[in-house]
1. Mind listing whichever residues of segment 80-104 are more than 20 Å from THR44 (Cβ to Cβ) and touching a helix residue (DSSP H, G or I) at 6+ places or on another chain (Cβ under 7 Å)?
2. Please determine, by comparing only the residues of segment 72-97 that are more than 24 Å from the chain's Cα centre (by Cα) and polar (S, T, N, Q), which one is nearest to ILE62 (Cα to Cα).
3. Can you report the number of residues in segment 35-84 which are surrounded by fewer than 11 Cβ atoms within 10 Å (Cβ to Cβ) and touching a residue at least 40 places away in the same chain (Cβ under 8 Å)?
4. With respect to GLN108, determine if the residue is at pLDDT below 90, touching a helix residue (DSSP H, G or I) at 6+ places or on another chain (Cβ under 6 Å), of a type in the set (S, T, N, Q) and within 16 Å of GLY45 (Cα to Cα).
5. Output the residues belonging to segment 70-114 that are part of a loop (DSSP other than H, G, I, E, B) and not hydrophobic (A, V, I, L, M, F, W, C).
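The values are calculated or read from the model by the stated rules, or taken from the named source; none is laboratory data. The structure presented is a predicted model; accordingly, all values stated were derived computationally and were not measured. Every residue, glycine as well, gets a Cβ built from its backbone with ideal geometry; the counts of neighbours run over all protein chains shown.
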Amino acid sequence: MKKFLSALSLTGLLLPVLALAQPANGGITPIVPPSNVDFQKLITGLANWFTGILIAIAVLLIIYAAFLFLFGHSDEDTLKKAKKIIIFSAIAIGIALVAQGFVFIIKQFVISNV
């Protein structure tokens, strides 16, 4: 009986919320994408976003590798792991910078052909 009353009171409390969630015109309005999308800004924004995330992850991994160097100085396997992490993080930063260069080259190619 207690469960029934708690479920009934919860339903009574949530029912107005569900009623207010209905759209005013009674239908669902479709989402229309904007017609003036700038392809160059879109590609540049995505590339900058991914580059930022990649560099941030690489920096965090370098910091992690530094901690491995500091606290694992007696264990040879830990030092090897830290060296690998630093090398791969440096490669990731290099790839991110080269990708930014490719984006610039592609943008210049698209601008010159338009």
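1. Within segment 80-104, LYS81, ALA82, ILE85, ILE86, SER89, ALA92 qualify.
2. Here the answer is THR78.
3. Residues meeting the conditions: 1.
4. Considered against the rule, which asks whether it is at pLDDT below 90, touching a helix residue (DSSP H, G or I) at 6+ places or on another chain (Cβ under 6 Å), of a type in the set (S, T, N, Q) and within 16 Å of GLY45 (Cα to Cα), GLN108 comes out as no.
5. Matches in segment 70-114: GLY72, HIS73, SER74, ASP75.
Condition check ((1) modelled with pLDDT under 85; (2) not β-branched (Val, Ile, Thr)) across all residues:
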position: GLN22; (1), (2): yes, yes
position: ASN25; (1), (2): yes, yes
position: PRO30; (1), (2): yes, yes
position: ASN36; (1), (2): yes, yes
position: PHE39; (1), (2): yes, yes
position: ALA47; (1), (2): no, yes
position: VAL59; (1), (2): no, no
position: ILE62; (1), (2): no, no
position: LEU68; (1), (2): no, yes
